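The values are calculated or read from the model by the stated rules, or taken from the named source; none is laboratory data. Please read all numbers here as calculations on a predicted model, not as lab measurements. Don't worry about glycine lacking a Cβ; one is built from the backbone with ideal geometry, like all the others, and counts go over all protein chains shown. Areas reflect the complete protein model, heavy atoms only, side chains present, ligands, DNA and RNA absent. Shrake-Rupley method; radii C 1.70, N 1.55, O 1.52, S 1.80 Å.
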Amino acid sequence: MGLTARIRTRDGWAVSHAVVTVTDMTGTQVLRAEADAEGAVRDTTGLAPGAYTVIVTAVGYAPAASSALVTASGRAEVGTVTLARQGGTELPPPGPWTVDPVHSSVAAVAQHLGISSVHGRFTEFGGSIEIAPDDITKSRVEAVIRAASVDTGNGMRDTHLRSADFLDVERHPEITFRSTGLTQAGPDRWTVHGELAMHGVVRPVDLDLAYLGTGADPWGGTRAAFRATTELHREDFAMNYNQVLQAGIAAIGTTLRVELDIQAVQGDTLPAA
């Protein structure tokens with residue numbers, strides 16, 4: 001018996017300080033519980049069968065309300081509640097924004113041996129965002145990644161990735177992305193159309209973008225957070241190398257899942273360290 005729930009942000013992080021309040025149909029509070037460090041709520045208070053309202057609140061997030069039906073078991077399983085950061089339904093203020101590499105990540109995942117994944121990231125990159133004042137779809141994004149900064153946690157593998165078999169960083173030291181358009185895909189979701197230049201090849205690429213909100217930072221600035229994902233195929237960028245094992249399984253998959261977690265600072269420069 002009791003209440004169970006999981007509280008998460010839109011990008012999947014636990015909200016450890018969330019508070020869940022349950023009221024009956026008269027508006028009387030019958031239960032109040034706080035999420036643990038994993039964003040989980042487990043309360044053993046028995047509830048009488050019937051309909052209830054569940055309200056989830058947390059500092060910095062917009063409240064979320066939903067209905068719950070308690071059966072004869074006295075159990076209310078709310079499931080996963082997703083909280084939107086305050087400001088998440090508002091667009092970032094117009095003007096220039098600068099990507100903060102220290103608080104951002106550019107990562108990629110490839111299949112390995114057909115049974116697991118290799119996770120990699122690029123440690124040196126930068127970018128700029130221009131939010132259009134009147135028509136958000138005219139906003140622009142540009143990013144530059146230093147190809148040699150690839151890091152998969154294995155020195156031998158990283159050296160191979162920098163070679164002519166893959167990124168060929170001597171001839172193509174930079175990976176660049178320039179947006180060509182923006183299409184709204186939901187209240188806080190967008191498709192960023194653009195061109196990706198990598199390994200001497202330029203291809204159109206769409207990013208699935210989630211806008212996570214805007215807020216003040218401790219250094220007196222304003223920051224906006226985004227998460228973007230896409231899938232790339234190595235052969236589209238003339239990276240056709242592969243080692244095929246005796247069982248006919250490719251050592252490294254040809255599809256890359258790219259995951260970008262971006263913080264951008266309002267203005268055309270980053271704050272002094």
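A few points about this structure:
- Principal semi-axes of the equivalent ellipsoid, √(5λ) from the alpha carbon gyration tensor of the range 123-167, are 34, 10, 7 Å from largest down.
- Accessible surface of the chain, 1.4 Å probe, proportion on carbon and sulfur as whole %: 53 percent
- Comparing mean-square fluctuations of Gly215, Gly12, Gly200 from a GNM of the chain with C-alpha springs under 10 Å, the top value falls on Gly12.
- Neighbourhood charge, 14 Å Cβ-Cβ cut-off, centred on Arg75 and excluding it, Lys, Arg +1 and Asp, Glu -1: -1
- For the chain, the mean residue ellipticity at 222 nm estimated from helices alone is -1000 deg cm²/dmol, where every DSSP H run of n ≥ 4 contributes -39500 (n - 2.57) and the total is divided by all residues, rounded to the nearest 500.
- Extent along the principal axes, Cα only, for the range 9-90: 39, 25, 16 Å, with the longest axis given first.
- Shape box of the chain [Cα atoms, principal axes, largest first, Å]: 70, 54, 35
- Between Ser105 and Asp206, the contour length at 0.36 nm per residue exceeds the Cα-Cα span by 34.5 nm.
- Relative contact order computed over the chain (Cα-Cα under 8 Å; 6+ residues apart), in percent: 17 percent
- The fraction of all Cα pairs in the range 47-193 landing in successive 10 Å bins from 0 to the largest distance is 9, 23, 24, 22, 15, 7, 1, given as whole percents.
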